[in-house]
Amino acid sequence: MEDDANSIPKLPIPGKRNILITSALPDVYNVPQLGNITGCVLRADVYARYCRLRGYNALYICGTDEYGTSTVFSEENCTAKEICDKYHAVHKDVYDWFDITFDKFGRTSTPEHTQVCQAVYSKLWELSEETTKQLSCYYCKQFFSADFLDPYGGCNHDPVRRDQCKTFRKLLNPPDLKYLCCKLCHIPLQIANTDQLNFELQLERYIDETSAAGAWGQNAIQSTKAWLEKGIGKIVITRDLKWGVPLPSEKYEDKVFYVWHNAPIGYVSITSCYTSEWEKWWKNPENVELYQFMGKDTVPHHTVMFPSMQLGTGENWTLVKTISVTEYLNYKGGKLSKNKGAGVFGNAVKDTSIPVEVWRYYLLTDMPEVSDASFVSKDLQAKLNNKSLSNLGNFVKRVLSFIAKPESAGYGSVVPDAPGAESHLPTVSLGRKVGKLVEEYVEAMEKVKLKQGLKTAMSISVEGNRYLQEFQLRKLDRTDKPYCAIVIRTAAGLIHLLAQLLEPFMPSFSREVFKQMNLPPHFSLSDERGEVLQASRPWKILPPSHMIGTPQLLFKELKGEEMQQYVEKCLADRCASDAAASRRRARRHAARIRRYAEEPANLITRL
């Protein structure tokens, strides 16, 4: 979901808190899976919504990374551009369903991206040329990166992808890998010389200062330090490909920038597609704070590579303040992986009929903030049916239904006045508890401790239910109408407050609550309006005589057989896709064997 294309673009506002938010650009040639959705776009969306709730001037930027080698060597019978167009739409559709509120969701295969990348590299003063040895397939007439080899790294551990050994967290050039063959034709590769551009990374002091000032998490600091301790030195920033950002030089017209060096610049170029005054966001460190969200496997690309390029230009860039990182979300004992086709994928999730607010709640309560977590379908069912969500739904339904009853048994859908609430001790005590919880919520969210923020907000519904349980509303309504009015108006104020606090996490829930309360979907928790302080006096939140709407059930219980059907559908769709892909690979492999059989001399020479 994006802002209206005809709306005026946001720009930093002097005197306000201006926050620039990015989530790691997903590889376009994949369907988003839950690990990527949770670790990147969903968490960034929660924080962006929180910033808007607080009245900050926040801009949320993301898009698809479209210059990866997976796009070039895809198994689909279409051009790289056609693949990007197709899967960009798939990503957009999934994120729209998950209620992600980008200010701009763009892509890197744009003229603006090429222009910004070339401008950045033209100003780098540490570039040097070096002849390197790269792996080449004679038959395919193609140089290869690690993405399209079938290798193991120098550590003899897990198979290597994306030019990096994840076991020892270091960059690898293709000749460093072992057991190499072409992934297109499965023939052993040869080593050939090629001229590449290098850039030297020197960031130790910057990282020490920034990680302390921005309160980086330990997973971000450890991943970054691991790279630096291994010693990076000069790294190759170009590749022998046709699909990508071309170098602005006739000498290197057959090369493009390495995707991990141009992809982070995508944040900048996508912002330039959003507004021509993009430099007010990206070259304004005095007035803009940069928050970046990602999984732990891409941390060094954002803490080392991206700031190296920014600092290397000598310009006054907005550098990252806070890095928010998640660990891996596992599935059936292994990491959720788009490349390996392992996991639960977004396009299948949205077809399960399980409401989006339930998925968001489940993923955010179980998000792997400090250690790996696992997706288990029974946990999803338990989260929907457990006390937290049921308490929340029951609290809202119980209060609004009581207000909606005829005046003989309720309040005729009108919020009652509550004179004397300030001297009602149980109500005042509740207000103090709720006020303290809201302060804790704000403190957690400001530190990007989203999981703690959600837990704190949900605890307010627990306090609300406990407050109601002290009184028997039906009996109280008959015996002490003024006393009952205090309780009901206070509880209605708590519902309003809960909808505000939970909007970053479950926006569709909050919209539905406001609809049932007959309120416009405007959510705010601003210090300027005194809304944080007002939380300690919940009986003052809603005006008396306010007419509510029609109360309805908010969460439907999910039975075991229904859950099993939904999960089977998620996995069946992916299995069918994987089976079709396997059949395509088998047909291509058979065709190659027939082709090689017709060229025995050439094959023997190459072997």
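Readers should treat all values here as calculations from the given coordinates under stated rules, not as data from a laboratory. From a predicted model like this one, the values you see are computed outputs, not experimental measurements. Cβ sites come from the backbone with ideal geometry, for glycine too, and all protein chains shown count toward neighbours.
Using alpha carbons only, the radius of gyration of the range 400-507 set against its Kirkwood radius gives Rg/Rh = 1.03. Between Leu247 and Lys255, Phe257, the built amide H atoms are under 5 Å apart, and every one of these is 5 or more places off in sequence or on another chain.
The length gained on full extension between Ile8 and Ala409, counted as 0.36 nm times the residue separation minus their Cα-Cα distance, comes to 139.4 nm. Note on Lys556 and Thr313: with the Förster distance fixed at 60 Å, the Cβ-Cβ geometry gives a FRET efficiency of about 0.65. A full extension of the chain between Lys16 and Asp527 corresponds to an added length of 182.7 nm, given 0.36 nm per residue minus the alpha carbon distance. Computed from backbone phi with θ = phi - 60° and the Karplus coefficients 6.51, -1.76 and 1.60, the 3J(HN,Hα) list for the range 476-492 is 5, 5, 7, 9, 8, 4, x, 4, 4, 4, 4, 4, 5, 5, 5, 5, 5 Hz; x is used for glycine and proline.
Protection proxy ranking of 466-475, 24-33, by the mean of other Cβ atoms within 10 Å over each peptide's residues and highest first, is 24-33, 466-475. 3J(HN,Hα) along the range 524-538: 8, 9, 8, 5, 4, 8, x, 6, 6, 5, 5, 4, 7, 10, x Hz, from the Karplus curve 6.51 cos²θ - 1.76 cosθ + 1.60 with θ = phi - 60°, whole Hz, x for Gly and Pro. At an R0 of 45 angstrom, the distance between the Cβ atoms of Asp96 and Lys251 translates into a FRET efficiency of 0.55. Taking label points 7 Å from Cα along the Cα-to-Cβ direction, Ala213 and Ser353 give a separation of 5.4 nm. Taking a sphere under 10 Å around the Cβ of Gly410 and counting the other residues whose Cβ falls inside, with K and R at +1 and D and E at -1, yields a net charge of 0.
Cross-link pairs exceeding 31 Å between alpha carbons, from the set Lys10/Lys86; Lys242/Lys449; Lys92/Lys451; Lys449/Lys475: Lys242/Lys449; Lys449/Lys475.
Residues whose amide H comes within less than 5 Å of that of Leu290, counting only those at least five positions distant or on another chain, are Leu20, Lys321, Thr322 (H built at 1.01 Å from N in the peptide plane).
Working ranking of peptides 53-65, 70-82 by packing, defined as the average number of other Cβ atoms within 10 Å per residue, highest first, is 53-65, 70-82. Across the range 313-323, rounded Karplus estimates of 3J(HN,Hα) from the backbone phi angles (6.51 cos²θ - 1.76 cosθ + 1.60, θ = phi - 60°) give 7, x, 9, 8, 6, 6, 9, 4, 9, 10, 9 Hz, Gly and Pro being marked x. Taking amide H as placed 1.01 Å from N in the peptide plane, Asp27 has its amide H under 5 Å from the amide H of Asp65, each at least 5 places away in sequence or on another chain.
Here the peptides 526-534, 412-420 are ranked by packing, the mean other Cβ count within 10 Å, and the order with the highest first is 412-420, 526-534. Taking 7 Å steps out from each Cα toward its Cβ at Ser74 and Ser429 produces label points 6.3 nm apart.
Using every pair of alpha-carbon atoms in the range 252-311, split the distances into 10 Å bins beginning at 0 and state the percent of pairs per bin, rounded to integers. Histogram of Cα-Cα distances, whole percents per bin: 18, 48, 29, 5, 0.
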